[in-house]
Amino acid sequence: MKQTSEMYRLTRRDFVRAASVAPAAAWLAACDRAGDAGSSDAADEALATGREAEQPPRWAKDPSPFIQRTLNLETRLELVDGFITPNELFFVRNHSPTPAIDPEGYSLRVEGDGAESELRLDLSTLESLPQHTITAYLECAGNWRGLYPELTGTRASGGQWTTGAVGCAEWSGPSLGTVLDLAGVRSETVDVNLVGLDDGFERAMPLAKARDPDTIIALRMNGEPLPADHGFPARSVVPGWSGSSSIKWLGSIQVSTERVWNRNNTSSYVLIGDQWPEADYAPAQGPVITELVVKSALALPRPAQLAPGSHVLHGFAHAPAGPVSAVEWSPDGGATWLEAEIVDPVLPLAWQRFEFEWDATPGAHTLVTRATDAAGNTQPDEPLMNEKGYLLNVPLPHPVQVE
């Protein structure tokens, strides 16, 4: 569901003139640097056992409802009952501890050889632009990576997420295209690179994706100002693409007349393996991950325990070119398939909630779900093998013990 305010009536020339005489705002970030910014199993275990309890907090929100993974918080899907993921239950993917940004001193820079004018936009200016509202899911490209050994027989490197590096929220803010128009974009422009204030984490995208009306600079999440852990005061939201493209604590927009290469599209967020010869993708080590894949998961603990009898179970399905048109479920590990009910609302950029009734009998069971989107894309039987376990989306077996 999309809502756009009335057209902003200030011309770009007027805006540039006003911006050029306004005092340049400096951003202030007080960032706690405690702990390892990686995702090692040893560090995750230390958190889980409380051995790092003396460390300063790494997140602004209460981490207790989550599975804590070093700097990351994984949502327990069984706690999410409705269509929208509440802010306090939305997963956190960080590359450093959550920074504290002073909104009074914050400014967003628009710069680069592809921009006709360099701008600095403070928060009040961003809020004065036409606001665009979308309901969209975000997912880390490495979601399910912790299940890689179970599903493929091999271990993938990186943070060992299970199913909770995904969530769906309502996002509001100006479109990225609106901000680009204020600066002006040269005809030779190729890429737009977004850079965060968290140690300069960055992701680039083609100009066409940056100009997609649903690519926005979000200032609000579920009707509230962005929480600190989710990018306050401003972040990008790039629906359907890997969550790493939705840069939090957005500090600069770099408009480039050349293809932008950096760590996050050369060695990270690329598919690495024998089937992708590095020489074919240089300077990247493999194809760059942009669009996500169709997936579904049950909102149950892993493994789950249920009492015998009838249960209405639910889960969430999503696809980058949504909406999801069908979800099937299997009570016997995929031997037979039944149709699940997709619960309204059904929105093109969001995930879809589904449910089904299961008469649980005592013993060990394996439930499986499988989603298909409106274009006919479905979860494949064979996993996409790659060293970092990205985009894993085979139908997911879910063990359930009924006692």
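The values are calculated or read from the model by the stated rules, or taken from the named source; none is laboratory data. The structure presented is a predicted model; accordingly, all values stated were derived computationally and were not measured. Cβ: placed from backbone, ideal geometry, glycine included. Neighbour counts: every protein chain shown. Calculation scope for accessible area: heavy atoms of the full protein, side chains included, ligands and nucleic acids excluded. Shrake-Rupley method; radii C 1.70, N 1.55, O 1.52, S 1.80 Å.
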(request) For residues that are open to solvent by less than 30 Å² (accessible area, probe 1.4 Å) and touching a Phe, Trp or Tyr at 6+ places or on another chain (Cβ under 8 Å), scanning just the stretch 174-202, find the one that is modelled with the lowest pLDDT. (result) Asp198
(message) I need a count of the residues in the stretch 62-79 that are within 17 Å of Ala169 (Cβ to Cβ), open to solvent by less than 30 Å² (accessible area, probe 1.4 Å) and either assigned to a loop (DSSP other than H, G, I, E, B) or not hydrophobic (A, V, I, L, M, F, W, C) (or both).
(response) 3
(message) Can you confirm whether Leu151 is of a type in the set (A, V, I, L, M) and closer than 26 Å to Thr189 by Cα?
(response) no
(message) Any residue that is among the basic types (Lys, Arg), in contact with a Phe, Trp or Tyr (Cβ under 7 Å, 6 or more places away or on another chain) and under 26 Å from Ile289 (Cα atoms) - is there at least one of those in the stretch 93-113?
(response) no
(request) Could you pull out every one of the strands (runs of 3 or more DSSP E) wholly within the stretch 321-376 that has 2 or more residues that are open to solvent by 70 Å² or more (accessible area, probe 1.4 Å) and out of contact with any His (no Cβ under 6 Å at 6 or more places or on another chain)? (result) 352-360
(message) Considering only the stretch 252-275, I want to know if a residue exists there that is over 30 Å from Asp199 (Cα atoms), more than 15 Å from the chain's Cα centre (by Cα) and surrounded by fewer than 17 Cβ atoms within 10 Å (Cβ to Cβ).
(response) yes
(message) Taking the conditions exactly as written (open to solvent by 10 Å² or more (accessible area, probe 1.4 Å), over 13 Å from Leu194 (Cβ atoms), under 16 Å from the mean Cα position of the chain (by Cα) and not hydrophobic (A, V, I, L, M, F, W, C)), does Tyr281 satisfy them or not?
(response) no
(message) Under 8 Å between Cβ atoms, which residue pairs at least 6 apart in sequence (or on different chains) link something in the stretch 299-316 that is open to solvent by 20 Å² or more (accessible area, probe 1.4 Å) with a partner that is assigned to a loop (DSSP other than H, G, I, E, B) and among the β-branched types (Val, Ile, Thr)?
(response) Arg302/Thr162; Arg302/Thr163; Pro308/Thr361
(request) Go through the stretch 203-224 and count every residue that is open to solvent by 50 Å² or more (accessible area, probe 1.4 Å), among the charged types (D, E, K, R) and part of a strand (DSSP E or B). (result) 2
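Having 2 or more residues that are over 22 Å from Arg76 (Cα atoms) and open to solvent by 30 Å² or more (accessible area, probe 1.4 Å) is the bar; report the strands (runs of 3 or more DSSP E) wholly within the stretch 98-173 that clear it.
Once the strands (runs of 3 or more DSSP E) in the stretch 98-173 are filtered for at least 2 residues that are over 22 Å from Arg76 (Cα atoms) and open to solvent by 30 Å² or more (accessible area, probe 1.4 Å), what remains is 107-111, 119-122.
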(request) Test each condition in (1) out of contact with any helix residue (DSSP H, G or I) (no Cβ under 8 Å at 6 or more places or on another chain); (2) open to solvent by 10 Å² or more (accessible area, probe 1.4 Å); (3) over 22 Å from Arg120 (Cβ atoms) for Gly240 and report the one that comes out false. (result) (2)
(request) Specify the residue that is nearest to the chain's Cα centre (by Cα); the eligible residues are those in the stretch 291-310 that are within 22 Å of Thr163 (Cβ to Cβ) and part of a loop (DSSP other than H, G, I, E, B). (result) Leu292
(message) Would you confirm whether or not the stretch 110-119 contains a residue that is touching a residue at least 24 places away in the same chain (Cβ under 8 Å) and under 17 Å from the mean Cα position of the chain (by Cα)?
(response) no
(request) Give the residue, chosen from Arg302, Arg259, that is of a type in the set (Lys, Arg) and out of contact with any Asp or Glu (no Cβ under 8 Å at 6 or more places or on another chain). (result) Arg302
(message) So Leu338 passes all but one of these: (1) touching a residue at least 24 places away in the same chain (Cβ under 8 Å); (2) over 14 Å from Ser296 (Cα atoms); (3) in contact with an Asp or Glu (Cβ under 7 Å, 6 or more places away or on another chain). Which condition number does it fail?
(response) (1)
